Amino acid sequence: MKFDSDVLVIGSGIAGLSYALKAARFGTVHVVTKNRQDEGATRYAQGGIASVFSKSDSFASHINDTEVAGAGLCHRNIVELTVQEGPARVQELVDLGVAFDKDTTSGEYDLTIEGGHEHRRVFHSRDFTGEAIETALVAAVSKHPNIRLFENHAAVDLLTNVRPQKLRRSDGMRCQGAYVLNSTSGAIHVFSARVTVLATGGAGKVYLYTSNPDVATGDGIAMAYRAGARVANLEFMQFHPTCMYHPRAKSFLISEALRGEGGELIDASGAAFMQKYHSMGSCAPRDIVARAIDSEIKRQGADCVYLDITPKRSGHTAAALKERFPNIYAKCREYGIDLTTEPIPVVPAAHYMCGGVLTDEHGESTIENLFAIGETACTGLHGANRLASNSLLEGAVFAHRAALRTEERLRRMKPKLDLKIYEALPDWDSGKAVPMEERINIAHTWRELRTTMWNYVGIVRTNRRLEKARTRLDYISHEVQEYYWSYLLNPELIELRNLVTVADLIVRCALARKESRGLHANLDTPYLDDTYFKRDTIV
Ligand code: FAD
Ligand code: SIN
């Protein structure tokens, strides 16, 4: 079966749905999403969305904070436009019905602060910000007559006019849609489109411990790379400093907003340790806090450190803490921890991919008619380390910019000629593939891959560890290629194949950067080398 639309959007988080709503004003839109429509990192965002609003704040300050966190690699023009367009995008979310918290007395927005921010500029809905945004977007999309959303549909590979293996560089390439697996029926369909948008989110599942949901398997990055697009800066995986340490908690995030509101990182003896590492203490940029915790854990031989937001430490009453952080409070209670009376055990975990599909200021990749927006893209905003709460912002800003560019593109295309090309797109051919008899093999290989990445490509790296990872990944990669050619595709195999590609790209980028900068810390090259490495790693 073939499906055709003006625009194909892959992914239904803040980036994909914001874009779909805008593109639906001038074209037909298909959104495919591999799980439920509201599943993705957006739904779990806690802290909020950063944007300048308060009179005491300024664009210059937000730009400066973003650049300081980004350790010299942010693209100034991208930072400026993102920060300056932020307030309009936040207003659009409010217009869609997102109720950001307001101060009950003044009626002003109750802005919070997180690591690396000089001012209070983070809009939030208590600690359910992502859920509030995703719910509003899903509601708007479901009412739109020009949008058709397909749940449980996983994109497998992009369709282009040139076979990627024949042309490694993406010059002259055009994207024409994607092959998509209907996970319920097992059929693989052609989804043709004049413009295709990757909004597939991050790749945290490449690591053993991650704050990310299961769908974060780097599919967009892997598909774009296989198709011949440029990808960049994959060595910069951000580790969030504070995920709950509990055998059953699956790396539940303890928002940075707790530190913004007075929470302090302490060791098992109760001693606060962050001032030793940075003048901003527990509110220092994320890369610094994550490395400090890693170092304390290793030095003390401890399993974790603790985040103390009890009234004595933070100055907030227990009632105020429960009111402000209901989600985190409830989750902690589930695991027997009362954050109003005791510190929360925390460890770092893989959280956010700063690199991704290389795009320009309109979200366009190096393949014509292929856009990448949200976490799957590398726009130049985050540089070597993302500033907290700049991700939802980037998703909204680049969805808007990509939609504007798409409108121009569609106006210039010749529909008749297009139609011929799209009708000729080949159906998926499964060759001699057979159903996989032991799916458990996929789980085993996946675990091996994620453990390799955690052990050898983690918060602190060495050349030797990276080389070890490369050797192991080579082996895993061969095994997965064999599965791919031998067995009929299923969702787990698609994800495993993408994770191997992304893991390999992370290691290649990390080996190429012979310095330490932002999120990439290598003990063999512990210095900053602006002469050779103040640039993106592009592969
Ligand atoms: P996502 O919201 O992750 O959506 C990706 C979509 O793509 C999903 O629908 C997924 O199912 C779909 N998909 C993936 N692969 C395929 C495929 N092959 N075929 C079809 N569909 C596919 N950022 C902030 O700015 N502020 C915060 O407070 C904040 N808190 C966070 C808390 C947590 C726990 C996490 C994990 C992240 C947080 N982040 C935060 C980061 C932020 O949430 C994400 O970067 C952002 O939501 C990404 O949005 P997105 O639209 O790019 O991707
Ligand atoms: C958090 O709430 O700590 C996450 C914020 C972010 O990732 O930007």
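Please treat every number below as a calculation from the coordinates, not as lab data. Values in this document were obtained by computation on a predicted structure and should not be read as measured data. When we count neighbours, we look across all protein chains shown, and the Cβ atoms used for this are built from the backbone with ideal geometry, even at glycine.
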Residue count, the stretch 456-469, condition in contact (Cβ under 8 Å) with a residue 24 or more places away in the chain and closer than 18 Å to residue 208 by Cβ, comes to 7
Single match in 83, 68, 90 (criterion: within 15 Å of ligand 1 (Cβ to nearest atom) and over 30 Å from residue 329 (Cα atoms)): 83
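Within the stretch 292-303, can you find the residues that are buried (at least 20 other Cβ atoms within 10 Å of the Cβ) and out of contact with any helix residue (DSSP H, G or I) (no Cβ under 7 Å at 6 or more places or on another chain)?
Filtering the stretch 292-303 down to residues buried (at least 20 other Cβ atoms within 10 Å of the Cβ) leaves 292-293, 296.
Of everything in the stretch 292-303, those that are buried (at least 20 other Cβ atoms within 10 Å of the Cβ) and out of contact with any helix residue (DSSP H, G or I) (no Cβ under 7 Å at 6 or more places or on another chain) turn out to be 293, 296.
Here's the yes/no breakdown for (1) within 16 Å of ligand 2 (Cβ to nearest atom); (2) among the hydroxyl-bearing types (Ser, Thr, Tyr); (3) assigned to a loop (DSSP other than H, G, I, E, B); (4) surrounded by 23 or more Cβ atoms within 10 Å (Cβ to Cβ):
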position: 357; (1), (2), (3), (4): no, no, no, yes
position: 381; (1), (2), (3), (4): yes, no, yes, yes
position: 392; (1), (2), (3), (4): yes, no, no, yes
position: 407; (1), (2), (3), (4): no, no, no, no
position: 410; (1), (2), (3), (4): no, no, no, no
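If you check residue 482 against the conditions, is it in a loop (DSSP other than H, G, I, E, B) and of a type in the set (Asp, Glu)? Working first, answer last.
Numbers: in a loop (DSSP other than H, G, I, E, B): no; of a type in the set (Asp, Glu): yes.
Answer is no for this residue.
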Against the definition (in a strand (DSSP E or B) and either within 22 Å of residue 384 (Cα to Cα) or within 16 Å of ligand 1 (Cβ to nearest atom) (or both)), how does residue 8 come out, yes or no? yes
Those residues of the stretch 8-45 which are within 14 Å of ligand 2 (Cβ to nearest atom) and surrounded by fewer than 24 Cβ atoms within 10 Å (Cβ to Cβ), in sequence order: 43, 44
Return the residues of the stretch 19-51 that are more than 8 Å from ligand 1 (Cβ to nearest atom) and small (Gly, Ala, Ser); say none if nothing qualifies. 20, 23, 24, 27, 51
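Return yes or no: is residue 306 of a type in the set (Phe, Trp, Tyr) and in contact (Cβ under 8 Å) with a residue 40 or more places away in the chain?
yes
Just give me the residues in the stretch 14-38 being over 18 Å from residue 156 (Cα atoms) and in a loop (DSSP other than H, G, I, E, B), in sequence order.
Step one: of the stretch 14-38, the residues over 18 Å from residue 156 (Cα atoms) are 14-15, 17-29, 38.
Matches in the stretch 14-38: 24, 25, 26, 27, 28, 38.
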Of all residues in the stretch 362-393, which are farther than 19 Å from residue 23 by Cβ, out of contact with any Pro (no Cβ under 9 Å at 6 or more places or on another chain) and more than 9 Å from ligand 1 (Cβ to nearest atom)? 366, 378, 380, 381, 382, 383, 384
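Scan the stretch 275-289 and tell me whether some residue there is of a type in the set (A, V, I, L, M, F, W, C) and under 24 Å from residue 213 (Cβ atoms). I'd like the intermediate steps shown before the answer.
Initial filter on the stretch 275-289 (of a type in the set (A, V, I, L, M, F, W, C)): 280, 283-284, 288-289.
If we keep only those that are under 24 Å from residue 213 (Cβ atoms) as well, we get 289.
Scanning the stretch 275-289 turns up at least one residue that is of a type in the set (A, V, I, L, M, F, W, C) and under 24 Å from residue 213 (Cβ atoms).
Results for (1) polar (S, T, N, Q); (2) under 28 Å from residue 390 (Cβ atoms); (3) within 16 Å of ligand 2 (Cβ to nearest atom), shown as yes or no for each residue.
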| site | (1), (2), (3) |
| --- | --- |
| 172 | no, no, no |
| 175 | no, yes, no |
| 200 | yes, yes, no |
| 214 | no, yes, no |
| 222 | no, yes, no |
| 257 | no, yes, yes |
| 264 | no, yes, yes |
| 268 | no, no, no |
Selection from the stretch 324-355 of residues that are part of a helix (DSSP H, G or I), in contact with an Asp or Glu (Cβ under 9 Å, 6 or more places away or on another chain) and either within 13 Å of ligand 2 (Cβ to nearest atom) or of a type in the set (Lys, Arg) (or both): 324, 327, 328
